[in-house]
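Taking it in order: structure first as structure tokens, then the write-up.
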Amino acid sequence: MERIVLPEIENLHNIDVYIANNGFAAARKALLMSPDDIIDVVKKSGLRGRGGAAFSTGLKWSFMPKSTDKPKYLCINGDESEPGSFKDRQIFEFNPHQLIEGIIITCYAIQAKSAYLYIRGEYHKWVNLMETALETAYARGFVGEEMKKTFNTDFSCNIYIHKGAGAYICGEESSLMNSIEGKRGYPRVKPPFPAQNGLWGNPTTINNVETITNIPPIINKGWEWFSAIGEPKHPGTILFGVSGHVNKPGVYELPSGTLLTDVIYNYAGGVPGNKKIKCVIPGGSSMPPLRGDQLEGIKMDAESLRAAGSAIGTGGIMVMDEDTDLVKVLARIAKFYYHESCGQCTPCREGTGWMLKLLNRIVNGEGSQRDIDLLLSVANNIEGNTVCALGEAAAWPVKFMLMRFRDEFEARVSPHINLEPKNKVHSMRHTVNPIDKVEI
Amino acid sequence: MEFVFSEENLRKIENILKKYPVKKAAVMPVLYVAQEQNGWISTEVMREVARILEIPEEDVLGVATFYTMYHKKPAGKYHLQVCTNVSCMLRGGYAVYDAVKNKYGLKNGSVTDDGKYSLEEVECMGSCGTAPMIAINEDYFENLTPEQALAIIESMK
């Protein structure tokens, strides 16, 4: 099986090894093509974004205005903060130059002179690795003013690394741009979309690290080759990060459409102690969890997972065995979103806290039947009522966990706990177990 | 307490400014430089950053308080960050967290009396495939048992 993003070549992070393996040939080829032709090739290849939304990459590029005096920008999203997602760090570590080459080609295709690679702040080691790789690429004349000579072209672009500082929300594209601009990472209202009004008000394209790393092979080998790999509607390979209760957790690059059960049992080595699987989150913690009995026959691509009632997300597969306490898991997920809500929109800022308190109350055995319905009501009131998708990301796990594992939650709440408000006017504050006393 | 950037760091800042078309954009990397020099982001640090970047002080305050990796109070010499998010939790993240917490009598966000260790329960660090993990200052230590975690922390002099 061919690996596109993380090929099995030793020391590929070394620029000489990368060049010896056809490195920067795609950039050379692309710089002789017209930008429109490159966008066309990427469109035809069927490449879709690997950051979560699985949007057509070529189509996204084509939104960039052709005639404008404004500078254009490319942002590469390496914020990678989704729990269960740990794929981009493999690219930074093992194949940084293919990412750099992808950035050069993308910059040319959208005619951007500057690219910002946003890497999460916790990744000190990988920021350093990427900085070293970038310095080498500059020194060898593949990036910057020197690339005009190297590639015998009149196009040049600069790549800068911007280090985040611990905010999950900055993985959201408009929030990422605010962060680069030196602001708090508040998501922006769309429209206007980044292609019209992005970084400093200029046309901007934002792509995921893994998406961009796919570009050089597509240019080298052609769209026909790429579109024939995996599922036709979502072609290529995907980096699946498998974590949780498996014998061999790790990142596996597999063709899209690989069976979820194959990923778990054949590649990740199955569940320790041959236990049964109770729950799998197939695309990072924001995506709807699947019940163990739903897993059979599910293919890992955007369409198949949507049909199965979940989503591909970032391909972070979290496996939970039969002994897992899902109430605790959901409470932990809720804690994450409560912590990471940026605080801009009221439904999310307040709702995530409410969901966490309610879930903690159930974990502590102090929950009532009404709490389950209240949880659903809070989740429904967040979803669709926020500027960015963090609202959905916080609401979905709660909604779908309760929908698919309601019995687990009902077993944990007591019919004898009466949370009927004593004073109808003041509502929850006057109940037996006041919610504001639950520790977060 | 007065805060001024060292000569070396001023040169660093000069290079950072070249990366962006406007000075304001440099606030995050400059705060990192300041944190490296001062250990944490005090009010004086924010004032100095604002002065150098020619932006309002409250803008710096806004950024420094929004992002969790800027310490708004002094951290320990070794800042221990334990991930307890789902992937780590499933593989014993809380056992590591509790072991560290109990051994040094710390709670989330506190510092030991001698200022050597501080503890933070962090969100997903991207070590899901090598869980559980602990990060000490900038370095990751992965695939740990609670005993191994404590041994690593003890080895920090």
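Can you tell me how many residues in region A:116-172 are assigned to a loop (DSSP other than H, G, I, E, B), among the small types (Gly, Ala, Ser) and out of contact with any helix residue (DSSP H, G or I) (no Cβ under 9 Å at 6 or more places or on another chain)? So that I can check it myself, show each step before the final result.
So in region A:116-172, the residues assigned to a loop (DSSP other than H, G, I, E, B) come out as A:120-123, A:140-146, A:152-157, A:164-167, A:172.
Checking which are among the small types (Gly, Ala, Ser) leaves us with A:121, A:141, A:144, A:156, A:164-167.
Pick out the ones that are also out of contact with any helix residue (DSSP H, G or I) (no Cβ under 9 Å at 6 or more places or on another chain) and you get A:166.
Adding up the residues that qualify gives 1.
Considering only residues that are at positive phi and touching a Ser or Thr at 6+ places or on another chain (Cβ under 6 Å), which ones fall in region A:136-183? Walk me through it before giving the result.
Residues of region A:136-183 at positive phi: A:141, A:144, A:152, A:166, A:182.
Within region A:136-183, A:Gly141, A:Gly166 qualify.
For residues that are basic (Lys, Arg) and exposed (fewer than 15 other Cβ atoms within 10 Å of the Cβ), scanning just region A:34-89, find the one that is nearest to A:Ser227 (Cα to Cα). Walk me through how you get there before you give the answer.
Just the residues of region A:34-89 that are basic (Lys, Arg), to begin with: A:43-44, A:48, A:50, A:60, A:66, A:70, A:72, A:87, A:89.
Filter once more, so that each one left must be exposed (fewer than 15 other Cβ atoms within 10 Å of the Cβ): A:66, A:70.
Numbers: A:Lys66: 27, A:Lys70: 34 Å.
Looking at residues that are basic (Lys, Arg) and exposed (fewer than 15 other Cβ atoms within 10 Å of the Cβ), I get A:Lys66.
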TODO: Check whether at least one residue in region B:55-77 is closer than 30 Å to A:Val280 by Cα and either in a helix (DSSP H, G or I) or at the interface with chain A (Cβ under 8 Å from one of its Cβ atoms) (or both), and report yes or no.
DONE: yes
Task: Pairs, first more than 9 Å from chain A (Cβ to nearest Cβ) in region B:27-38, second surrounded by 23 or more Cβ atoms within 10 Å (Cβ to Cβ) and at pLDDT below 95, C-beta under 8 Å, six or more apart - done: none
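Out of curiosity, is B:Ile52 within 13 Å of chain A (Cβ to nearest Cβ) and assigned to a helix (DSSP H, G or I)?
Details: within 13 Å of chain A (Cβ to nearest Cβ): yes; assigned to a helix (DSSP H, G or I): yes.
Criteria met by B:Ile52.
From B:Lys24, B:Lys101, which residue is away from chain A (no Cβ under 11 Å), of a type in the set (D, E, K, R) and in a helix (DSSP H, G or I)? Before you say what the answer is, go through the steps one by one.
On the way: B:Lys24 fails: away from chain A (no Cβ under 11 Å).
Only one candidate qualifies: B:Lys101.
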Open item on the list: So B:Glu120 passes all but one of these: (1) acidic (Asp, Glu); (2) more than 14 Å from chain A (Cβ to nearest Cβ); (3) within 18 Å of the chain's Cα centre (by Cα). Which condition number does it fail?
Closed with: (2)
TODO: Being more than 13 Å from A:His162 (Cβ to Cβ), within 21 Å of the chain's Cα centre (by Cα) and free of Cβ contacts under 8 Å to residues at least 24 places away in the same chain is the filter here, so list the residues in region B:1-26 that pass it.
DONE: B:Lys12
Open item on the list: Out of everything in region B:102-152 that is more than 19 Å from B:Gly39 (Cβ to Cβ) and among the basic types (Lys, Arg), what residue ends up being surrounded by the fewest Cβ atoms within 10 Å (Cβ to Cβ)?
Closed with: B:Lys107
- [ ] Give the residues of region A:232-269 that are out of contact with any Pro (no Cβ under 7 Å at 6 or more places or on another chain), assigned to a strand (DSSP E or B) and of a type in the set (A, V, I, L, M, F, W, C), sorted by residue number.
- [x] A:Ile238, A:Leu239, A:Phe240, A:Val251, A:Leu254, A:Leu259
TODO: Please determine, by comparing only the residues of region A:270-281 that are within 13 Å of chain B (Cβ to nearest Cβ), not β-branched (Val, Ile, Thr) and not in a helix (DSSP H, G or I), which one is farthest from the chain's Cα centre (by Cα).
DONE: A:Lys275
- [ ] Specify which of the listed residues (A:Lys163, A:Lys113) is over 30 Å from B:Glu57 (Cβ atoms) and either modelled with pLDDT of 95 or more or within 14 Å of chain B (Cβ to nearest Cβ) (or both).
- [x] A:Lys113
Open item on the list: For region B:1-16, check the following and say yes or no: at least one residue is surrounded by fewer than 18 Cβ atoms within 10 Å (Cβ to Cβ) and at pLDDT below 95.
Closed with: yes
Open item on the list: Out of A:Lys299, A:Lys278, I need the residue that is crowded, with 18+ Cβ neighbours inside 10 Å, in contact with a Lys or Arg (Cβ under 8 Å, 6 or more places away or on another chain), assigned by TED's automatic domain parsing to the domain that holds A:Thr258 and charged (D, E, K, R). Which one?
Closed with: A:Lys278
Task: Tabulated pairs, region A:319-347, first within 11 Å of chain B (Cβ to nearest Cβ) and within 27 Å of A:Tyr267 (Cβ to Cβ), second in a loop (DSSP other than H, G, I, E, B) and of a type in the set (Lys, Arg), C-beta under 8 angstrom, 6+ apart or interchain - done: A:Asp321/A:Lys275; A:Asp321/A:Lys276; A:Asp323/A:Lys275
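The values are calculated or read from the model by the stated rules, or taken from the named source; none is laboratory data. Not measured: the values here are computed from a predicted model. Note: ideal-geometry Cβ built from the backbone for every residue, glycine included; neighbour counts use all protein chains shown.
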